[in-house]
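Worksheet for the structure shown next.
The values are calculated or read from the model by the stated rules, or taken from the named source; none is laboratory data. From a predicted model like this one, the values you see are computed outputs, not experimental measurements. Glycine gets a Cβ as well: all are built from the backbone with ideal geometry, and neighbour counts include every protein chain shown. Keep in mind that these areas ignore ligands, DNA and RNA; they rest on the heavy atoms of the full protein, side chains included. Shrake-Rupley method; radii C 1.70, N 1.55, O 1.52, S 1.80 Å.
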Amino acid sequence: MRILLVEDDPALSLGVARGLEREGWQVDVLHDGEQAMTEGVMGQYDLGILDLGLPRRDGMEVLRHWRAKGIRMPVLLLTARDELSDRVQGLDAGADDYLVKPFDLPELLARIRALKRRAQGRIDEVLQLGELKLDIAHRELTHHGQRISLSPRELALTELLMQKAGRVVPKDSIVARMSSWEADFSENSVEVYVHRLRKRFADLGVVIRTVRGFGYVMEAATPGGAAADPSGADDHP
C-alpha cells in the first residue's frame, strides 16, 4: 500500500512514517498544503493521511480540492481540533475517518487497516472469538453485549491476537506492531500487556497461551478448562 502523509510537524511526520514503513507500506511525506494539492492529484496513492492545520493551504481546502478533482482514495484526517463541528465538516468534505491529536500509533495503524478493508470491499469489520466481539471500525470490545474498556494499546494487541485466533503470533511481530514514535515497545512490554489481558479475559471464555520460544495464541477456552493459561506463568506481571 502506498500512503501519502501530509503533516507539517517534522517530529510527528517522521515518527508516523517510520511506523507505517514498519508495516511494510510505502510512505511519501509532504509538509504543506500547496504541495499536497498537486501531489494528491498527480500521484497514485492507496490512502491519504492529512493534517488539517497545514501552512500555505489548510487541510480542509486540500481535501475539497482532491474530491473535486475526482481523487477517491480514502482519507484519514489528523487534527488537534476536537469540536464536533470540525469533525462533521471534515467528514462532509469527503474524509473517511478522523483522528484527534495526540493519538497512539497502534490506533492509527488499526484505523488505516480498517480503511484498507473497506476500500477492498471487505465486510469483516467485527472480529469474534466465543462471545468476545471486537468492532474494528468503532474500536469497541464487548462480551455478551457488555462493553469492555481497554487502553488503546490493550485494544490494539487484542485486535492483533483476535485476527489470528488459533494461530501463533510471534513476539517480535507484536513488538513491531505496537512500537510508537515515542518509545520502542519491548518484549518485556509485550509480556506485561499479555498478563493484563489474561486477567481481563479470565472469565470471558478466551485464553492467551504462551508458545515458548515463539509467541502467543488466543483461542476460545475449552469447556471446563482453566480460565487462565498456566503456560504463561513465566511472563512478567
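Somewhere in the range 50-69, is a residue closer than 30 Å to Ser173 by Cβ, touching a residue at least 60 places away in the same chain (Cβ under 8 Å) and not polar (S, T, N, Q)? It would help to see each step written out before you state the result.
Going through the range 50-69, the residues closer than 30 Å to Ser173 by Cβ turn out to be 50-51.
Of the ones still in play, those that are also touching a residue at least 60 places away in the same chain (Cβ under 8 Å) are none.
No, because not a single residue in the range 50-69 is closer than 30 Å to Ser173 by Cβ, touching a residue at least 60 places away in the same chain (Cβ under 8 Å) and not polar (S, T, N, Q).
Which one of the conditions (1) closer than 21 Å to Arg117 by Cβ; (2) touching a Phe, Trp or Tyr at 6+ places or on another chain (Cβ under 8 Å) does Val175 fail to meet, given that it meets all the rest?
The failed condition is (1).
Kindly indicate whether any position in the range 25-37 is in a loop (DSSP other than H, G, I, E, B) and in contact with a Pro (Cβ under 6 Å, 6 or more places away or on another chain).
Yes, that holds for at least one residue.
Would you tally the residues in the range 86-113 being modelled with pLDDT under 85 and over 21 Å from Arg64 (Cβ atoms)?
Of the residues in the range 86-113, 0 are modelled with pLDDT under 85 and over 21 Å from Arg64 (Cβ atoms).
Give just the number: which of (1) open to solvent by 10 Å² or more (accessible area, probe 1.4 Å); (2) more than 30 Å from Ser173 (Cβ to Cβ); (3) at pLDDT 90 or above does Pro10 not satisfy?
The one condition Pro10 does not meet is (2).
Exactly one of (1) in a strand (DSSP E or B); (2) buried (at least 21 other Cβ atoms within 10 Å of the Cβ) is unmet by Val16. Its number?
All conditions pass for Val16, except number (1).
Determine if the range 135-153 includes at least one residue that is surrounded by fewer than 18 Cβ atoms within 10 Å (Cβ to Cβ), acidic (Asp, Glu), at pLDDT below 90 and over 30 Å from Pro10 (Cβ atoms).
yes
Report the residue count in the range 183-216 for those that are within 22 Å of the chain's Cα centre (by Cα), open to solvent by less than 60 Å² (accessible area, probe 1.4 Å) and within 15 Å of Ser173 (Cα to Cα).
9
Open to solvent by less than 60 Å² (accessible area, probe 1.4 Å), free of Cβ contacts under 8 Å to residues at least 60 places away in the same chain and among the acidic types (Asp, Glu): does that describe Asp86?
yes
Are any residues in the range 47-81 within 16 Å of Leu5 (Cβ to Cβ), among the hydrophobic types (A, V, I, L, M, F, W, C) and in a helix (DSSP H, G or I), and if so, which ones?
Val62, Leu63, Trp66
Pairs please, first residue from the range 89-106 and on the phi < 0 side of the Ramachandran plot, second anywhere and small (Gly, Ala, Ser) and in a helix (DSSP H, G or I), Cβ atoms under 7 Å, 6+ apart in sequence or on different chains.
Here the result reads Tyr98/Gly90; Leu105/Gly19; Pro106/Ala156, each pair linking the range 89-106 to a residue that is small (Gly, Ala, Ser) and in a helix (DSSP H, G or I).
Looking at this structure, is Val192 modelled with pLDDT of 90 or more, closer than 24 Å to Pro102 by Cα and not aromatic (Phe, Trp, Tyr)?
Yes.
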